1. Please go through the range 71-98 and pick out each residue that is touching a Leu at 6+ places or on another chain (Cβ under 7 Å) and crowded, with 16+ Cβ neighbours inside 10 Å.
2. Suppose we filter LEU6, LEU17, LEU24 for residues that are more than 17 Å from the chain's Cα centre (by Cα) and within 21 Å of LEU126 (Cβ to Cβ); which single one remains?
3. Could we say that GLY67 is touching a His at 6+ places or on another chain (Cβ under 8 Å), of a type outside the set (Val, Ile, Thr) and touching a residue at least 12 places away in the same chain (Cβ under 8 Å) here?
4. If I filter the range 21-49 down to residues being crowded, with 20+ Cβ neighbours inside 10 Å and in contact with a Leu (Cβ under 6 Å, 6 or more places away or on another chain), which single residue comes out as farthest from VAL139 (Cα to Cα)?
5. Which of the residues that make up the range 113-164 are closer than 23 Å to LEU62 by Cβ, among the acidic types (Asp, Glu) and more than 13 Å from the chain's Cα centre (by Cα)?
6. Restrict the check to the range 132-142 and report whether at least one residue is surrounded by fewer than 22 Cβ atoms within 10 Å (Cβ to Cβ), out of contact with any strand residue (DSSP E or B) (no Cβ under 6 Å at 6 or more places or on another chain) and in a helix (DSSP H, G or I).
7. State whether the residues of the range 155-169 include one that is farther than 30 Å from MET32 by Cα, free of Cβ contacts under 8 Å to residues at least 40 places away in the same chain and touching a strand residue (DSSP E or B) at 6+ places or on another chain (Cβ under 9 Å).
8. Which of (1) within 19 Å of the chain's Cα centre (by Cα); (2) surrounded by fewer than 21 Cβ atoms within 10 Å (Cβ to Cβ); (3) outside any helix (DSSP H, G or I) does LEU101 not meet, given it meets every other one?
Amino acid sequence: MKIHVLTYNPFQENTYLLECRDGLTAIVDPGMYDTNEREHFLRYLSEKNLKPAWLLNTHAHLDHIFGNAFCSETFNIGVHLHPSDLDMLHRGVLSASIYGLRLDESPEPEFFFSDNQRLNLAGEELEVRHTPGHSPGHVVLINHSLELVIGGDVLFQGSVGRTDLPGGDAAALDKSIRARLYSLPGTYRVWPGHGPSTTIEEEKSSNYFVYEGGSRLV
């Protein structure tokens, strides 16, 4: 599996392309917002000979679903989402309007994530872990063979996801980070929804909000 990172939309969200065998590719959190970003995305796929086959949402905040409708319609692929984020998905258009932004309504998910589920992507395995706190249905996607985590908005370099948005829960986020992420070996690399990648070891030792010896969330 090879990771490609494209940063889109006014929130500078990281859209991930997980390239698997024969160029078959999972799109994770499509954030392309306008025509220019969508055209850039299509050019990138063509240049890299990538063939989208899966559409995965770590959660349903608007910056992570701007491109759901576009990708689903363009590549005829169904959305994967945890059921606890369905209400948030349905509020996407309204949420965007509050920011003065436009969002094409996402199609309904065709597939629902479950905790500890194993996804097989053309021979590459991703473990799904439910990590609520930033949103009720947030999940992270882990490839153990490559020691990588597609982390959405749970854990960032030196920071953590917001909990002041609807559905946020600081205690739940603290528990998710400690039980579902910090339980991984320190060498695992986290690829977050915003900003640069980091490692479990780095965040356990130095994260401002949730660290090995304590927490500022609870």
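The numbers here are math on the coordinates, done by the rules we state, and not lab data. None of the values given here were measured: they were computed from a predicted structure. Neighbour counts run over all protein chains shown; Cβ positions are idealised from the backbone, glycine included.
1. The answer is CYS71, SER72, ILE77, VAL79, HIS80, LEU81, LEU89, GLY92, SER95, ALA96.
2. Result: LEU24 is the single residue among LEU6, LEU17, LEU24 that is more than 17 Å from the chain's Cα centre (by Cα) and within 21 Å of LEU126 (Cβ to Cβ).
3. So GLY67 fails the test.
4. THR25
5. ASP164 - this is the single residue of the range 113-164 that is closer than 23 Å to LEU62 by Cβ, among the acidic types (Asp, Glu) and more than 13 Å from the chain's Cα centre (by Cα).
6. no
7. no
8. (1)
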